[in-house]
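One structure is given here, and the rest of the page talks about it.
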Amino acid sequence: MRKKVAVVFGTRPEAIKMAPVILELNKHKDFFEPVVIVTAQHREMLDQVLKVFYITPDYDLNIMKKNQSLSDITTDVLKGIEGIFKKEQPDMVLVHGDTTTSFSAALAAYYQRIPVGHVEAGLRTYDHDNPFPEEGNRQLIDNLADLYFVPTKATEQNLLLENKKQSRIVVTGNTVIDAVHYIKNTRVEHRVLDLMKHKSDQKWIVLTMHRRENYGTPMKNVFKAVVDITEKNSNVEILMPVHLSPKVQALANEVLGNNDRIHLVEPLEVDVFHKVIDQAYLVLTDSGGLQEEAPTLNKPVLVLRNKTERPEGLEAGTLKLIGTETDSVYVHVSNLLTDKKEYIRMAEALNPYGDGTASAMIVKALKDFM
Ligand code: UD1
Ligand code: UDP
């Protein structure tokens, strides 16, 4: 009998990071029977990723609501997935990272005594407010999981200090690097890429921001700094694919709208987005995934947070944590615009998140475990 593995995800970053695992499972259909379940915690931004990787889910809970609360997501996933697990009776459920979809799916699996494999396990800030609610989610998931796929040695260490068994932990690198490699050689065309090419003498800064703890004042402070930067540097253009969260949309339009050198665009397909990073000068973001993938494309990342669960990047020198205060953002961006030596040091630092073989390692470890 083949082993049935249910892969559950719901948001854009989970999809990008689970897609390589699904593609790898599909290569081993003699052993595995993959079942793809999406919650659609994100709708449009999830579908964009499914299209790029040619993945058709077996089940789609379609739960997204405008301005959904965390309780909405938790209960809709928990209830929605119960019947699917009962019907399919998977031998293993794979979840990813720290979203509420992942926590809720892990809980649903645990209630039915189905083993849980956690991809991108072990990340920690040990601060429940940063990032919120992701830090809580990832700790809860790791308490429910049976098998841990961690990206680095440092994340393995976090789990060992929490008394998780070493035999249940596999260090794999991050699957987002696999995704970068998978997409790298595809040909894409997009008006944003044309615009960047048209103005290729300019320094393009890619900005993304969406974290719940940054809603309101922190986001406004960062956006003010961005306006100041464009005012003081006529050779700088800002490109912001605006997250579909209504709170982000409203503030971005209010503070950054109507500016010739600030380009607010819709969320981009991931293959287009990687090419955009490739053509950019630097990345300004509060995203998790971007901290791991932009360094692979040799771009410095200035992180708009007070804490990161990715200390390896800070140590390696690919990331700098700059918070969300207007002055700090302004100063750090200005430095990287003028200090060539520092720029090159960050751009050329070695990415600690792996070499693009994480999914193969995960599937091999799954086979051994099962
Ligand atoms: C979620 C994750 C976060 C992850 C982020 C990636 C949780 C609690 N948070 O946060 O960890 O970093 O996704 O982007 O799981 N929306 C759309 N269409 C979409 C996607 C979102 O309209 O395709 C709007 C909806 O109004 C939705 C809102 O954005 O209610 C917020 O989405 P939600 O998933 O609740 O939170 P994120 O901030 O995206
Ligand atoms: N991304 C994308 N299109 C965009 C912006 C980001 O495909 O317009 C990708 C990006 O390449 C990265 C992922 O989305 O892999 C990060 O997702 P997000 O920042 O939404 O979530 P986080 O990583 O913070 O959980």
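P267: outside any strand (DSSP E or B) and within 9 Å of ligand 2 (Cβ to nearest atom), yes or no?
Answer is yes for this residue.
Contact annotation: residue pairs with Cβ atoms under 8 Å, 6 or more positions apart or on different chains, pairing a residue in the stretch 209-234 that is without any contact (Cβ under 8 Å) to a residue 60 or more places away in the chain and more than 16 Å from ligand 2 (Cβ to nearest atom) with a partner that is among the β-branched types (V, I, T) and part of a helix (DSSP H, G or I), are K220/V255; F223/V255; V227/V255. For the stretch 150-170, the tally of residues that are assigned to a loop (DSSP other than H, G, I, E, B) and either in contact (Cβ under 8 Å) with a residue 60 or more places away in the chain or hydroxyl-bearing (S, T, Y) (or both) stands at 2.
Evaluate the following for D201: is it within 22 Å of the chain's Cα centre (by Cα) and in contact (Cβ under 8 Å) with a residue 12 or more places away in the chain? Answer is no for this residue. List pairs: first residue in the stretch 40-57 and touching a residue at least 40 places away in the same chain (Cβ under 8 Å), second residue charged (D, E, K, R) and part of a loop (DSSP other than H, G, I, E, B) anywhere in the structure, Cβ distance under 9 angstrom, at least six positions apart or on different chains. Short answer, once both residue conditions are applied: E44/E266; Q48/E269; V49/E269; K51/E269; V52/E269. Among the residues of the stretch 302-349, the ones that are without any contact (Cβ under 8 Å) to a residue 40 or more places away in the chain and not in a helix (DSSP H, G or I) come to 10 in all. Figure legend. Inter-residue proximity from the stretch 262-274: first residues under 28 Å from K232 (Cβ atoms) and touching a residue at least 60 places away in the same chain (Cβ under 8 Å), second residues away from ligand 1 (no atom under 12 Å from the Cβ) and in a helix (DSSP H, G or I), beta-carbon distance below 8 Å, spacing 6+ or different chains. Indicated pairs: H263/V192; H263/L195; V265/V192; L268/V192; L268/V276. Can you spot a residue in the stretch 252-264 that is farther than 29 Å from A19 by Cα, in a helix (DSSP H, G or I) and within 16 Å of ligand 1 (Cβ to nearest atom)? Within the stretch 252-264, one or more residues are farther than 29 Å from A19 by Cα, in a helix (DSSP H, G or I) and within 16 Å of ligand 1 (Cβ to nearest atom).
Taking the listed residues E162, E156, the one that is away from ligand 1 (no atom under 15 Å from the Cβ), among the acidic types (D, E) and more than 26 Å from N351 (Cα to Cα) is E162, with no other qualifying. Would you check which residues across the stretch 101-122 are assigned to a loop (DSSP other than H, G, I, E, B), crowded, with 24+ Cβ neighbours inside 10 Å and not charged (D, E, K, R) and list them? Correct list: A121, G122. Picking from residues in the stretch 341-356 that are surrounded by fewer than 16 Cβ atoms within 10 Å (Cβ to Cβ) and at pLDDT 95 or above, the one that is nearest to R168 (Cα to Cα) is E348. Of the numbered criteria (1) under 16 Å from the mean Cα position of the chain (by Cα); (2) in a helix (DSSP H, G or I); (3) within 18 Å of A349 (Cβ to Cβ), the one H274 fails is (3). Residues that are over 27 Å from V150 (Cβ atoms) and touching a Phe, Trp or Tyr at 6+ places or on another chain (Cβ under 8 Å) were ranked within the stretch 277-298; the one that is nearest to ligand 2 (Cβ to nearest atom) is A280. Taking the conditions (1) under 30 Å from N26 (Cα atoms); (2) among the acidic types (D, E); (3) under 17 Å from the mean Cα position of the chain (by Cα) in turn, E312 satisfies each one other than (1).
Residue by residue, here is whether (1) within 16 Å of ligand 1 (Cβ to nearest atom); (2) on the phi > 0 side of the Ramachandran plot; (3) of a type in the set (F, W, Y) holds:
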position: K87; (1), (2), (3): no, no, no
position: D98; (1), (2), (3): yes, no, no
position: T101; (1), (2), (3): yes, no, no
position: R113; (1), (2), (3): no, yes, no
position: G117; (1), (2), (3): no, no, no
position: E120; (1), (2), (3): yes, yes, no
position: D129; (1), (2), (3): yes, no, no
position: E135; (1), (2), (3): yes, no, no
position: L140; (1), (2), (3): yes, no, no
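The values are calculated or read from the model by the stated rules, or taken from the named source; none is laboratory data. A quick note: this is a predicted structure, and the numbers were derived from the prediction, not measured. For neighbour counting, all protein chains shown are included, and Cβ atoms are generated from backbone atoms with ideal geometry for every residue, glycine included.
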